[in-house]
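Comments concern the structure below.
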Amino acid sequence: MQITAVPVPRLRFSLHSRFGARLPDFITLMKPRVMVLAVFTAVVGLMIAPSRLDPLLGATAILAIAAGAGAAGVLNMWCDADVDALMTRTAGRPIPRGKISRTEALVFGLVLACSAVIILALALNINAAALLAFAIFFYVIVYTMWLKRQTPQNIVIGGAAGALPPVIGWTAATGQIAAEPLILFLIIFLWTPPHFWSLSLTRADEYARARIPMLPVVAGTIATTRQILIYSILLLPISILPCAFGFAGPLFGTFAVLSGAILIVLAFRLHGCMGKNRRAAQRLFAFSILYLFVLFAALLLSNIATRWSSALLPPAESSLTSSSKDKTPAGLLQTRANSTSLN
């Protein structure tokens, strides 16, 4: 028996090796650190929704939202390649370094975005898919291409895109928008200015060189720290709204008050030094990331604790509790009738 060696083209191996070598650069384009926080808030929105999803559908929704968030990051870097090359913080990104071309980034971002929206529409519902598509559009077209280069309020208005993930998660589970996810949207919306403006204070010279009208560049550091303080103060009462609306318990309320108070103290200190203390700005920026993670983790744990306590409550006690809460005339009459029949 004769064995014939079939030559395998080296091109196939070279393509695989080249793709493997460039994979980390494509992942970097997706802004994984930003994506993780956005996806986490979406997961919380999905988990606290009243509807229970099949685990496979839930995982599909999370992956689609993650892909959508990653696509927004890719398209943001594609659009901002010229600006990124002028700033020290972003000059090491794949496109300015020549690791990935702008055409490759554009194709990758569009394919990722379209795939995420289509999968979410087919696997879950069209409303969640529409919200995801709108979030990507708003972040790339409205914020990156327009607001970022035109107005110092770019972060305030553009923050709407980053505040949508919990709404998308909730809608993926229920098929509709409700008051609860809109409150979560408002929390992230008010959190965004202190978070990004504290970072921009440490990079004001770079933004000026790139001609990006961030608030410290246009209005100065004192005005920026004043705005950071105002938004931090406004955020505290808004962050307690989940307790007022009944979809969060005392655990969440405790964390919301404590973390909100710390954020205000850091904002006061930054305002006191008129934004000239770089370390104070860095501390506020670092804590703002922890703040959002802790707040949403506490919301998730609070909901889990409430569901466990409801599940462990005996049926008779649950029935008596619901009866005692019924203070309507019909409810009182029914309670008296039950009492008479038992006697």
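Just so you know, all these numbers are worked out from the coordinates, no wet-lab data involved. Since this is a predicted model, take the numbers as computed values, not measurements. Neighbour counts are summed over all protein chains in view; Cβ atoms, including those assigned to glycine, are modelled from backbone coordinates with ideal geometry.
Structure notes:
- Centroid-to-centroid, using Cα positions, region 88-142 and region 202-256 are 26 Å apart.
- For the peptides 253-259, 121-127, the ranking by packing is 253-259, 121-127, with the highest mean count of neighbouring Cβ atoms within 10 Å listed first.
- If you bin all the Cα-Cα distances of region 121-231 at 5 Å, starting from zero, the percentages per bin are 2, 12, 19, 19, 16, 12, 8, 6, 3, 1.
- Per-residue packing, averaged as other Cβ atoms within 10 Å, sorts the ranges 278-286, 99-107 into the order 278-286, 99-107, beginning with the highest.
- Peptides 63-76, 30-43, 187-200, 169-182 ordered by average Cβ neighbours within 10 Å, highest first: 63-76, 187-200, 169-182, 30-43
- Couplings 3J(HN,Hα) for region 218-231, derived from phi with the Karplus relation 6.51 cos²θ - 1.76 cosθ + 1.60 (θ = phi - 60°), are 7, 9, x, 6, 5, 5, 5, 5, 5, 5, 4, 5, 4, 5 Hz, where x marks Gly and Pro.
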